[in-house]
Amino acid sequence: MQPKTTERLISLRKNNRRMPRRRMDIPVEKLIYTNPELLTRFLTETGKLIPRRTTGLPAWLHRKVTREVKRARAVNLLP
């Protein structure tokens, strides 16, 4: 059964598309709070974390990035 209008068909395809492959090019062992050069790749200019849907990280790796950014901020390595 197809949607009634072309707008609904486009919306259906847009909402049910496959997710892109998640990034795994980040070395996990280098993802520590004493490495602010790597952590700044996941921050905006104002210091906010870039969302997971933009960076393409898997959930477990994004949680690790968040944890390490917070640790780096606590010891004043990041703004």
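Residue pairs whose Cβ atoms lie under 6 Å apart, separated by 6 or more positions or on different chains, with the first residue in region 56-69 and under 11 Å from Val28 (Cα atoms) and the second crowded, with 19+ Cβ neighbours inside 10 Å and not charged (D, E, K, R), are Val65/Phe42.
Taking region 56-79 as the range and being in a helix (DSSP H, G or I) and surrounded by 17 or more Cβ atoms within 10 Å (Cβ to Cβ) as the test, the residues that pass are Leu61, His62, Val65, Glu68, Val69, Ala72. For Arg21, indicate whether it is exposed (fewer than 11 other Cβ atoms within 10 Å of the Cβ) and under 18 Å from the mean Cα position of the chain (by Cα). Yes, satisfied.
Has region 32-52 got at least one residue that is surrounded by fewer than 16 Cβ atoms within 10 Å (Cβ to Cβ), at pLDDT below 90 and part of a helix (DSSP H, G or I)? The answer is no, given that none of the residues of region 32-52 is surrounded by fewer than 16 Cβ atoms within 10 Å (Cβ to Cβ), at pLDDT below 90 and part of a helix (DSSP H, G or I). So, in region 32-65, exactly how many residues are farther than 11 Å from Leu78 by Cα and aromatic (Phe, Trp, Tyr)? Counting residues in region 32-65 that are farther than 11 Å from Leu78 by Cα and aromatic (Phe, Trp, Tyr) gives 2.
Hey, among the residues in region 1-18 that are hydroxyl-bearing (Ser, Thr, Tyr) and either at pLDDT below 90 or not in a loop (DSSP other than H, G, I, E, B) (or both), which one's surrounded by the most Cβ atoms within 10 Å (Cβ to Cβ)?
If we filter region 1-18 for residues that are hydroxyl-bearing (Ser, Thr, Tyr), which is where we start, we get 5-6, 11.
Next, from what is left, pick out any that are either at pLDDT below 90 or not in a loop (DSSP other than H, G, I, E, B) (or both): 6, 11.
Numbers: Thr6: 8, Ser11: 12.
This residue is Ser11.
Every listed requirement among (1) at pLDDT 90 or above; (2) out of contact with any strand residue (DSSP E or B) (no Cβ under 9 Å at 6 or more places or on another chain) is met by Pro27 save one, (1).
Considering only residues that are over 19 Å from Ala74 (Cβ atoms), in contact (Cβ under 8 Å) with a residue 24 or more places away in the chain and not in a helix (DSSP H, G or I), which ones fall in region 22-31? Those that are over 19 Å from Ala74 (Cβ atoms), in contact (Cβ under 8 Å) with a residue 24 or more places away in the chain and not in a helix (DSSP H, G or I): Arg22, Arg23, Met24, Ile26.
The values are calculated or read from the model by the stated rules, or taken from the named source; none is laboratory data. In this text, all values refer to a predicted model and were calculated from it rather than measured experimentally. Backbone-built Cβ (ideal geometry, glycine too); neighbour counts: all protein chains shown.
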